[in-house]
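The values are calculated or read from the model by the stated rules, or taken from the named source; none is laboratory data. What you are looking at is a predicted structure, and each value in this text was computed from that prediction instead of being measured. Because the Cβ atoms are built from the backbone with ideal geometry, glycine has one as well, and the counts that use them run over all protein chains shown.
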Amino acid sequence: MAEQANIPPDQGAIRVFGDPVLEQVAARIDNVDGKLISLAEDMFRAMYEAPGLGLAAPQIGVQRQIFVWDIDDNPQGIINPTIVESSGEWVYDEGCLSIPGMYVEMLRPRRVLVRGISLDGDEVEFEADELLARLFQHEIDHLNGVLMFDRMTPDQRTEALKLYEARDLRPNSEPIHLRLS
Ligand code: ZN
């Protein structure tokens, strides 16, 4: 057997970088029905198992515009979300369950206003800043097939992919923290 140091740990149901489903634009959802609720339940399960703060449907292989999150023990989900306003700037070390073992310092708007449909089928609007605003922007990127690597300049992307391929995924190893500035 070959040395297995660089084989990713079991990610459960979560798709990782390289899986084409992560690069596709998710389809809008027309009906909030039982099937959608069971999809949301699957997503929460995968998110808590990982564990992570947020999860978009493409990350479990489903090309639908829905993501779920839980910050401060308040599980929520949103369907067909769009960013209608954004302002300010905020730098944050962003992680992604689909890019395990790596954090990337990214600059994005500090505040966003997001509109969509709740898991109950009602129109909802969220005004968010800092961590929650970052989570919304990151998850909406997933619904558009956009990963952190796609938000880098070509040089940054080349460097990031090199580090990503060489990262150490053994238990207890330190994740990579990549600074882009
Ligand atoms: Zn992600």
* Which residues, taken from region 25-35, are modelled with pLDDT of 95 or more and surrounded by 13 or more Cβ atoms within 10 Å (Cβ to Cβ)? -> Ala26, Ala27, Ile29
* region 46-59, residues that are surrounded by fewer than 15 Cβ atoms within 10 Å (Cβ to Cβ) and not aromatic (Phe, Trp, Tyr) -> Glu49, Pro51
* Quick one: Ile29 ticks every box in (1) within 16 Å of the ligand (Cβ to nearest atom); (2) touching a residue at least 40 places away in the same chain (Cβ under 8 Å); (3) not aromatic (Phe, Trp, Tyr) bar one, so which box is it? -> (1)
* Structure fact -> Counting only residues that are under 20 Å from Ala13 (Cα atoms), hydrophobic (A, V, I, L, M, F, W, C) and in a loop (DSSP other than H, G, I, E, B), region 87-144 contains a total of 3
* Report whether or not Asp150 is without any contact (Cβ under 8 Å) to a residue 40 or more places away in the chain, within 16 Å of the ligand (Cβ to nearest atom) and loosely packed, with under 12 Cβ neighbours inside 10 Å. => yes
* Could you please let me know if Gly34 is more than 16 Å from the ligand (Cβ to nearest atom), closer than 20 Å to Asp122 by Cβ and without any contact (Cβ under 8 Å) to a residue 60 or more places away in the chain? => yes
* Only residues that are within 16 Å of the ligand (Cβ to nearest atom) and closer than 24 Å to Ser38 by Cβ: list them for region 115-137, please. => Leu135, Phe136
* Asked: Do we find a residue being at pLDDT below 95 and acidic (Asp, Glu) anywhere in region 61-80?
  -> yes
* Structure fact -> Of the residues in region 60-92, those that are surrounded by fewer than 16 Cβ atoms within 10 Å (Cβ to Cβ), over 16 Å from Ala128 (Cα atoms) and more than 16 Å from the ligand (Cβ to nearest atom) come to Asp73
